[in-house]
1. When only residues in the stretch 48-71 that are closer than 14 Å to residue 106 by Cβ and in a strand (DSSP E or B) count, which is farthest from the chain's Cα centre (by Cα)?
2. Collect the residues in the stretch 99-134 that are small (Gly, Ala, Ser), in contact (Cβ under 8 Å) with a residue 12 or more places away in the chain and within 18 Å of residue 28 (Cα to Cα), keeping them in residue-number order.
3. Please work out which one of (1) at pLDDT 90 or above; (2) out of contact with any Ser or Thr (no Cβ under 9 Å at 6 or more places or on another chain); (3) surrounded by 14 or more Cβ atoms within 10 Å (Cβ to Cβ); (4) assigned to a helix (DSSP H, G or I) is the condition residue 132 fails and give its number.
4. Given the conditions (1) of a type outside the set (Phe, Trp, Tyr); (2) open to solvent by less than 50 Å² (accessible area, probe 1.4 Å); (3) more than 15 Å from residue 124 (Cα to Cα), which single one is not true for residue 62?
5. Can you tell me how many residues within the stretch 6-20 are open to solvent by less than 30 Å² (accessible area, probe 1.4 Å) and either assigned to a loop (DSSP other than H, G, I, E, B) or within 15 Å of residue 54 (Cα to Cα) (or both)?
6. Give just the number: which of (1) open to solvent by less than 50 Å² (accessible area, probe 1.4 Å); (2) touching a Lys or Arg at 6+ places or on another chain (Cβ under 6 Å); (3) not aromatic (Phe, Trp, Tyr) does residue 53 not satisfy?
7. For residue 39, only one of the following conditions fails: (1) surrounded by fewer than 21 Cβ atoms within 10 Å (Cβ to Cβ); (2) of a type in the set (A, V, I, L, M); (3) under 17 Å from the mean Cα position of the chain (by Cα). What is its number?
Amino acid sequence: MTPAEVTTCAIIERTLGGDPAFRRVDEKVFLYKEGSSIVMIHVLPLGEDRAVVRCVAQLVKGITLVPELARHLLELNATLRFGAFSYIGDEGLLLFTYSILGGPSLDSEALLTTLREVAFVAEEYDERIAHRYGGRTMRELLGDRCITEQSLTINLDRDPDDFGFN
């Protein structure tokens, strides 16, 4: 880990460590439960001396990205205060993500606000989207106890050059 990642993880632990809704999953991956949403916190390097805190809430699993849903999500992305909906096709996962700058400048209040806002958006839209377009919400999956920590840690490390807009 870079020094910025180490510092970022320490600030996350100091900010959330006493909260029973918080859990460290891996060296740079944490989970935070707010309401019925679970937000994954992933610390990533940004160059040699900076870090990013990516907060991700899984809204719906087993959903197909049909054109109408894609259009609705893009329109929502344009109107939300921050963050964006995203889709991982291999797993049929609809996510809401937002990243903030980590490192020594990471502010505890900004981290908490980000986590709460990501969870709020997830709770606001998950059931509506699943009802209209199919798939299962996190609440449904957790109720069935099909979710493990491993399935909550989503691999978002794909290289943007691999998307091929050619």
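1. 50
2. 99, 102, 103, 108
3. With (1) at pLDDT 90 or above; (2) out of contact with any Ser or Thr (no Cβ under 9 Å at 6 or more places or on another chain); (3) surrounded by 14 or more Cβ atoms within 10 Å (Cβ to Cβ); (4) assigned to a helix (DSSP H, G or I) applied to residue 132, the lone miss is (3).
4. (2)
5. Number of matching residues: 4.
6. For residue 53, the exception is condition (2).
7. Of the numbered conditions (1) surrounded by fewer than 21 Cβ atoms within 10 Å (Cβ to Cβ); (2) of a type in the set (A, V, I, L, M); (3) under 17 Å from the mean Cα position of the chain (by Cα), the odd one out for residue 39 is (1).
Residues checked against (1) touching a Pro at 6+ places or on another chain (Cβ under 8 Å); (2) under 30 Å from residue 3 (Cβ atoms); (3) among the charged types (D, E, K, R):
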{"position": "45", "(1), (2), (3)": "no, yes, no"}
{"position": "51", "(1), (2), (3)": "yes, yes, no"}
{"position": "56", "(1), (2), (3)": "no, yes, no"}
{"position": "68", "(1), (2), (3)": "no, no, yes"}
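The values are calculated or read from the model by the stated rules, or taken from the named source; none is laboratory data. These figures come from a predicted structure and were not determined experimentally. Note that each Cβ is placed from the backbone with ideal geometry, even for glycine, and that neighbours are counted across all protein chains shown. Accessible surface is based on the protein model in full, side chains and every heavy atom, while ligands, DNA and RNA are left aside. Shrake-Rupley method; radii C 1.70, N 1.55, O 1.52, S 1.80 Å.
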